[in-house]
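As C-alpha cells, the structure follows; a few thoughts come after it.
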Amino acid sequence: MPVRAEHLVGRRAELALLADALAGIGARPPTAVAVTGEPGIGKTALLAELAARARDSGHLVLTGSATELEADLPFSVFVDALDRHVEERAPDLAAGLAGGTRAELAGLLPALSDATVHTGMPLQHERYRAHRAVRELLELLATAPGLLLVLDDLHWADPGSVELLAALLRRPPAAPVLMALGLRPHQAPDRLSAALEQAHRVGALVRVEPAALGPDESRQLLGPAVTGSAAAELHRRSGGNPFYLQQLARSPGGAGARPAGPGLRDAGVPRAVAAALAEELAALGPAARRLAEGAAVLGDPFDAELAAAAAALDPAAAPAALDELLRRDLVRSTELPRSFRFRHPLVRTAAYEGVPGGWRLGAHERAAAALGALGAPAAARAVHLEQSARHGD
C-alpha cells in the first residue's frame, strides 16, 4: 500500500506554540520548549519542523539526541549537539573563550580535548564550573538572530546531561538561545522531570504535548491512495499515533487484518512497530515484564490480580510491578476500580507475541483456572481454553 513521505498534518496549536517561542527568542521567556508524549506521537517531527523554520530564519541550529546505549557517557547529548560545530569553529572560538572556560570545555567536548590550557581537573568535582563554561559557550555561539539548541530523546539522557540541562534552565544563557527538548515523560528520570516542572512553574519553559491524530488527519497523512474503509481501519488500529499509522499502512494487509482476538493471531504488528515496543518492554524489571505478559494474555481491560495469576507471579510482587507499568505509561487506569488497559492495543500485541509459545500456553491455562475459581461464566474461560485445552477437554 503506497504511503506519502512523512510530513506534518494538523498540529496547528503545537506549531503555533513553537513558532511563538522562536519569535521571542532572547527577548522574553521562555528559554525552553519541551515537546512531550508517548512513543511515535510525533515529537521528533515537530522538533524537526521547528529546526527547519529556525534555519530558514537565519538562526544557528544545533541538534543532539540521547540514546539508550550512551546513558552512561557523561554529557553525551550535549557532546552530540555541540562537538562537531565547535570543532569546525575551534580557531574562531579560541579568541572568545577565556582560558578557564576552555579548560573546562576541554574536559567535556572531545573537539577541545587537546587544548593546551586543559588542567586535567576531574570534571565531576567541578560541575558548576563545567555548567558555567557551557553557558558561556552558548552565549558566544548565539549571534543574531539567535541559537536553537535541539535536544531529543532526553528520557535516555545521562545524569551529567540532566544536571547540566537543569543548570541551564535555572540560569539560562544571557543571549538569544532557545532550547527545544523532546522526551517521553513517563520514561524520564525523576531529576529531569523535576527540573522541567520547576522551569515550567517559573515561566521559563513551555510544554507542547502533541495529541493523537483525528480520523481526517490520519486520512490526510496517509494520502489519497488510501481512502474510505481502509483509512478508517488504519486509524482505528493505530489510535491516531502517526508512527503506528504509517507502519501499519506500509505492512502487507495492514488495513485488512481483523481485530485482534484473545490469541492475537491476526494482529499483524509491523516489524518497526514491534521493535520499538520491544524496546519499551525490555526496559522493564522482571516482575513488571511478567505482569505485562500475563495481562496481554488476559486482554483489555484486565484485572491486575488475574494478570498476576496468569503470569504465575507472586501476588506480593504484583502491586510494585503494576506501579512500574503505570509509571512507564505502558498501561493506564480505567474508570472502574482495579481495572486497567494497555496504552495502545499494539502494546498488548507486542507483549503477547514476545513470549515463547510454551509459556503462553501455560498462561492461558492459568488464566482459565483463575477465572474458574472466581466463578466466571463459561464464555470468559472459553477464550483461554481455546488456546490451551488438552486433548479430550
Once you've got the GNM for the chain with C-alpha springs shorter than 10 Å, pick whichever of PRO91, PRO30, PRO224 has the biggest mean-square fluctuation. PRO91
Would you mind checking region 284-311 for residues with the amide N under 15 Å from a putative spin-label position 7 Å along Cα→C-beta of ALA278? 284
Please identify every one of the trypsin sites (Lys or Arg not before Pro) in region 311-393 that sits in a loop by DSSP and has no more than 16 other beta carbons within 10 Å of its own beta carbon. ARG338, ARG390
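Could you state the accessible area per residue of the chain in Å², with a 1.4 Å probe and every protein chain left in place? Display every interim value, and only then the final one.
Values: 18110 Å² over 393 residues.
The answer is 46 Å² per residue.
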Within-13-Å neighbourhood charge of THR36 [Cβ basis; K, R +1; D, E -1]: -4
In terms of the Cα gyration tensor, with a ≥ b ≥ c the square roots of its eigenvalues, is region 16-87 rounded because a/c is under 1.5, prolate because a/b exceeds b/c, or oblate? oblate
Under the Karplus relation 6.51 cos²θ - 1.76 cosθ + 1.60, θ = phi - 60°, what is the ordered set of whole-Hz ³J(HN,Hα) values for region 60-67, x standing for Gly and Pro? 7, 10, 10, 10, x, 9, 7, 9
Pick from ASP83, ASP20, ASP152: which residue has the top mean-square fluctuation in a GNM of the chain where Cα pairs under 10 Å get a spring? ASP20
Between the modelled labels at ARG12 and ARG191 (7 Å from Cα along Cα→Cβ) the distance in nm is 4.2
Want the number for GLN198 to SER333: 0.36 nm per residue separation, take away the alpha-carbon distance, what's left? 45.9 nm
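With the full set of protein chains in place, find how many percent of the accessible area of the chain is carbon and sulfur; take the probe as 1.4 Å. Don't skip to the end; give the middle numbers.
Details: 9760 of 18110 Å².
It is 54 percent, rounded to a whole number.
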Using a Gaussian network model of the chain whose springs link C-alpha atoms within less than 10 Å, name the residue from GLY26, GLY42, GLY203 with the highest mean-square fluctuation. GLY203
Which value in nm describes the separation of the simple spin-label points at ALA380 and TRP359, placed 7 Å from the Cα toward the beta carbon? 2.6
Using Cα pairs closer than 8 Å and at least 6 residues apart in sequence, work out the relative contact order for the chain, in percent. 17
Helix 76-88 versus the longest principal axis of the chain: what angle, 0 to 90°, nearest 10, using Cα atoms? 40
ASP323 versus GLU87, label points 7 Å from Cα toward the beta carbon: distance in nm? 4.5
Using alpha-carbon coordinates, inclination of helix 127-141 to the longest axis of the chain, degrees: 70
Between helix 357-373 and the chain: long-axis angle, C-alpha atoms, 0 to 90°, nearest 10: 60
Residue by residue, what Karplus-based ³J(HN,Hα) values in Hz, rounded to whole numbers, does region 337-349 have, using 6.51, -1.76 and 1.60 with θ = phi - 60° and x for Gly and Pro? x, 6, 10, 9, 9, 5, 4, 8, x, 5, 5, 4, 4
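The values are calculated or read from the model by the stated rules, or taken from the named source; none is laboratory data. Because the structure is predicted, anything quoted here is derived from the model rather than measured. Reconstructed Cβ throughout: ideal geometry from the backbone, glycine too, with neighbour counts over all protein chains shown. With ligands, DNA and RNA removed, areas are computed over all heavy atoms of the protein, side chains included. Shrake-Rupley method; radii C 1.70, N 1.55, O 1.52, S 1.80 Å.
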